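Working notes, structure below.
The values are calculated or read from the model by the stated rules, or taken from the named source; none is laboratory data. Predicted, not measured: the structure shown is a model, and the values here were computed from it. Here the Cβ positions follow ideal geometry from the backbone for every residue, glycine too, while neighbour counts run over all protein chains shown. Calculation scope for accessible area: heavy atoms of the full protein, side chains included, ligands and nucleic acids excluded. Shrake-Rupley method; radii C 1.70, N 1.55, O 1.52, S 1.80 Å.
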Amino acid sequence: MTPKGGIRPHKKFGVQANKAEVLFTDYIAEHLNSNGRAGIVVPNGIVATSQTAYKQLRKMLVQESLIAVISLPAGCFNPYSGVKTSILILDKKLAKKSEHILFLKIENDGFDLGAQRREIDKNDLPLALQTLEAYKECLSSDKAFDDLPSLATLVEKETVLGNRDIVLSGDRYLSRADLTTEFEKVKLVDVLDYEQPTKYIVESEDYDDSYKTPVLTAGKSFILGYTNETDGIFSEELPVIIFDDFTTSTQFVDFPFKVKSSAMKILKAKKEIADIKYLYYVMQQIHFNASEHKRYWISQYSQLEIPLPPLEIQQQIVAEIEGYQKIIDGAKQIVNNYKPTININPDWEMVELDQLCDVRDGTHDSPKYVLENGIPFVTQKNITKEGLSFDDIQFISREDHQKIIKRSNVEFGDIIISMIGANRGMSCVIDDTREFSIKNVGLIKPLGKINHTYLLYFLKSQNAQEYISLMSSGGAQQFIGLTTLRKFPIPVPDVVEQTEIVKSIEEELQLVNANKRLIEIFEQKIKDKISEVWGVKEEVETV
């Protein structure tokens, strides 16, 4: 993963990027000699992110050194990280002899994927290792490799490089010929009608959350805003699917709406033979398959084929998926809404924060961003519910960094808190050793007068969030000032009670993390169900 201390970008890297994970992987690949080999555990971004630097990196790897990709299940590095990861197998000598990439998909690694990682009977790793070694032996001896177990897929490099995003996932390259399904396939045009949305296009972009009618796009934003226009609202024949000609994105809609532009098409099921929600679910697999992952006009898209079971079976499939979705939605409610609760005893001493900690803030200046030899410049947007994120970050010069840390030098174990914007009051502890500077962020250095973790949990609590909201200033961009932060009243029970409170909250957090895992499990169940409808990869008999 990312090396301790991070990596500073410079022109000696083959791929120009600011992301440490890209530079780290590139650095290893670039430093292999002609017989060099490496195995690199990488986050899923390296395998699938569509940003230019990631695609350039994957192209270089495929062309020069990559022979295999091992996909690991999300959660295999619990309790430290639940992030989805893969292992890249590099071998410069064998890569020259191969026209293929071997993809291995690990479903089970011998342990369950929860926080405790309890041992289980299922383990794909021995077979994966055996397959990888057999593949390498075939390459070394110039023999064909065709003994593929079900967890393996062999894909031509030309096919991988021909994929728009050069995605390093074997599932992306399963062609329709590799899939078998028990259901008849029909063209979308046979089960869907579509309507141009001309009369439903919003006239004004004077959006306001107090208005009633949502204005939709098929993209990630989905609801662009709300309009008070009363004419031209689509409210009949619901539910429908909206489709975007520009991105081939789809959204399921079961409420009245208007649309942003004529690029949105309104798709309606022929109800006597097709369930609209079933159609929406199976269409997601079209977007997933690399061979069909491209832009389509609706006239082209409607010619694609999908499996169509009898209407009763469609409805059963939808009911099963929606059952999974209800579990996901319930778990997300817990994850998204959880805040530590501390019942404050009126007998506890209330102490201002600056009596317990050294409290400072980041720079008030806006240093110039740099691309080479930069130091990460953390602002309020980098403080998330999951902790400090170095994604979407800018870099500043070491000279500017040295000036800033004279005011606020962030060290391992410190607490930082957002002081401005919608996420003001969000806090996290620093568990990363890399250097960085801060702006619009408060720096809290406990002085040993209070349990460090108790303080962090209190800052995250509903009590603290209400105080921050009450004491915020400003107009559209609300903020809390340094003086306000320093005078923050902190309830301080005795040491024993602090410890008990921390223990209780950590037990609650275990349940929250269990719900995160539940979301992952049932999201995968939905994907598996949709894949089951489309068909499964035909297994090759092994000798």
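Each distinct pair of alpha carbons in the stretch 155-264 adds a 1/r term; the inverse of their mean, the Kirkwood radius, is 16.8 Å. Calculated accessible area for the stretch 423-543 comes out at 52 Å² per residue, all protein chains present (probe 1.4 Å; ligands, DNA, RNA ignored). For the set Met350, Met471, solvent exposure ranked by accessible area (probe 1.4 Å, protein chains only) runs largest to smallest as Met350, Met471. Here the accessible area is traced with a 1.4 Å probe on the protein chains. For the stretch 421-537, carbon and sulfur cover 54 percent of it. Across Lys199, Lys368, Lys487, the residue with the most accessible area heads the list, and the full order at a 1.4 Å probe is Lys368, Lys199, Lys487. Between Leu447 and Ile327, the modelled label-to-label distance comes to 5.1 nm, taking each label 7 Å out from Cα in the direction of the beta carbon. The simple Förster model, with R0 at 41 Å and r as the Cβ-Cβ distance, assigns Gln16 and Phe255 a FRET efficiency of 0.35. Under a model in which nothing but the beta-carbon of Lys, Arg (+1) and Asp, Glu (-1) is charged, the stretch 187-274 shows a dipole of about 340 debye around its Cα centre. Counting only Cβ charges, +1 for Lys and Arg and -1 for Asp and Glu, the dipole size of the chain around its Cα centre is about 1840 debye.
Across the stretch 300-313, coupling constants 3J(HN,Hα) worked out from phi with the 6.51/-1.76/1.60 Karplus curve, θ = phi - 60°, read 7, 4, 5, 8, 6, 9, 9, x, 10, x, x, 4, 4, 5 Hz, and Gly and Pro carry x. For Lys258, a cut-off of 18 angstrom between C-alpha atoms picks up these aspartates and glutamates, skipping any fewer than 8 places away in its own chain: Glu195, Glu203, Glu205, Asp206, Asp208, Asp209, Glu229, Asp231, Glu236, Glu237, Asp244, Asp245. The residues of the stretch 38-111 expose, per residue, 38 Å² of accessible area to a 1.4 Å probe.
Taking amide H positions as modeled 1.01 Å from N, with prolines and chain starts lacking one, the residues under 5 Å from Ile396 and 5 or more places away or on another chain are Val370, Ile375, Phe377. How big is D for the chain, in µm² s⁻¹ as a whole number, if Stokes-Einstein is applied with the Kirkwood radius of its Cα pairs at 20 °C and 1.002 mPa s? Answer from the Stokes-Einstein relation: 79 µm²/s. Ligands, DNA and RNA excluded, the heavy atoms of Phe111 present near 90 Å² of accessible surface to a 1.4 Å solvent probe. Pairs of Cα atoms nearer than 8 Å and 6+ residues apart set the relative contact order; for the chain it is 14 percent. Residues in the stretch 464-470 carry Karplus couplings, in order, of 5, 5, 5, 5, 4, 4, 5 Hz; the curve used is 6.51 cos²θ - 1.76 cosθ + 1.60 with θ = phi - 60°, and Gly or Pro positions show x. One decimal place: the segment Ala263-Glu133 gains 41.8 nm when fully extended, by the rule 0.36 nm per residue minus the C-alpha distance. Take the solvent-accessible surface of the protein heavy atoms, probe 1.4 Å, and return the percent of it on the stretch 57-133 that carbon and sulfur atoms account for. On the stretch 57-133, the fraction of accessible area on carbon and sulfur atoms equals 52 percent. Packing order of peptides 37-46, 417-426, 327-336, highest average first: 417-426, 37-46, 327-336 (average count of other Cβ atoms within 10 Å over each peptide's residues). With respect to the cross-link table entries Lys96/Lys527; Lys220/Lys326; Lys19/Lys439, which display a Cα-Cα separation exceeding 24 Å? Table pairs above 24 Å Cα-Cα are Lys96/Lys527.
A Cβ-based charge dipole, computed about the Cα centre of the stretch 383-523 with Lys and Arg at +1 and Asp and Glu at -1, lands at about 700 debye.
Residues Asp494, Asp365, Asp109, ordered by accessible area of protein heavy atoms at a 1.4 angstrom probe radius and largest first, appear as Asp365, Asp494, Asp109.
Using the Karplus relation 6.51 cos²θ - 1.76 cosθ + 1.60 with θ = phi - 60°, the per-residue 3J(HN,Hα) values for the stretch 516-530 come to 4, 5, 4, 4, 4, 4, 7, 5, 5, 4, 5, 4, 5, 5, 5 Hz, with x marking Gly and Pro.
For the residue pairs Lys368/Lys445; Lys122/Lys157; Lys187/Lys516, the C-alpha atoms sit more than 29 angstrom apart in Lys122/Lys157; Lys187/Lys516. Applying 0.36 nm per residue to the separation of Leu509 and Asp365 and subtracting their alpha-carbon distance, the gain on full extension is 48.1 nm. Our helix-only sum for the chain, with -39,500 (n - 2.57) per DSSP H run of n ≥ 4 divided by its residues, gives a mean residue ellipticity at 222 nm of -10000 deg cm²/dmol.
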